[in-house]
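As structure tokens, the structure follows; a few thoughts come after it.
The values are calculated or read from the model by the stated rules, or taken from the named source; none is laboratory data. None of the values given here were measured: they were computed from a predicted structure. Positions of Cβ are backbone-derived with ideal geometry, glycine not excepted, and every protein chain shown enters the neighbour counts. Ligands, DNA and RNA are stripped out before the accessible areas are found, and what is left, the full protein with its side chains, is counted by its heavy atoms. Shrake-Rupley method; radii C 1.70, N 1.55, O 1.52, S 1.80 Å.
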Amino acid sequence: MAGNPRNGRRYRALCAAQRALGLPCWLCGREIPYEITGPEAGRHPAAFTLDHLVPLSRGGDLLDPANARSAHRRCNSARGNRLTTAQPRASRRW
């Protein structure tokens with residue numbers, strides 16, 4: 001049985017590469033305090049998380065660097081699996 005792919009070497013390397021870029025949160029535009037690491041990072045709302053442009057539940061690739069984005073934990077959680085582009089809405093007019 002395969003383990004969690006987010007514990008794999010390739011995923012950890014992708015996280016490290018994204019963290020090394022030092023980019024701001026792609027959702028809110030504010031700086032990310034990259035010095036928050038270890039167990040504290042799992043609880044701190046402003047800590048770095050790796051977000052995916054196309055959510056995994058919508059067919060996004062877990063290990064594709066083009067799909068990886070830096071985000072705050074709070075911003076990433078608030079976004080959920082929604083796409084960032086506004087989806088066309090059906091008219092309510094009959």
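Observations
- Pairs where the first residue, in the range 26-43, is more than 14 Å from R74 (Cα to Cα) and the second is open to solvent by 70 Å² or more (accessible area, probe 1.4 Å) and modelled with pLDDT of 95 or more, C-beta under 8 Å, 6+ apart: Y34/R19
- Residue list for the range 46-61, filter: surrounded by 15 or more Cβ atoms within 10 Å (Cβ to Cβ) and either at pLDDT 95 or above or not aliphatic (A, V, I, L, M) (or both): A46, A47, F48, T49, L50, D51, H52, P55, G60
- Complete set of residues in the range 1-22 that are open to solvent by 70 Å² or more (accessible area, probe 1.4 Å), more than 18 Å from P45 (Cβ to Cβ) and within 13 Å of the chain's Cα centre (by Cα): R6
- The set of residues in the range 38-49 that are over 16 Å from L21 (Cα atoms) and not basic (K, R) comprises G38, P39, E40, A41, G42, H44, P45, A46.
- For beta carbons closer than 8 Å, sequence separation of 6+ or different chains, a first residue in the range 1-25 that is assigned to a loop (DSSP other than H, G, I, E, B) and a second that is surrounded by 10 or more Cβ atoms within 10 Å (Cβ to Cβ) and small (G, A, S), the qualifying pairs are L23/S70; P24/S70; C25/S70; C25/A71.
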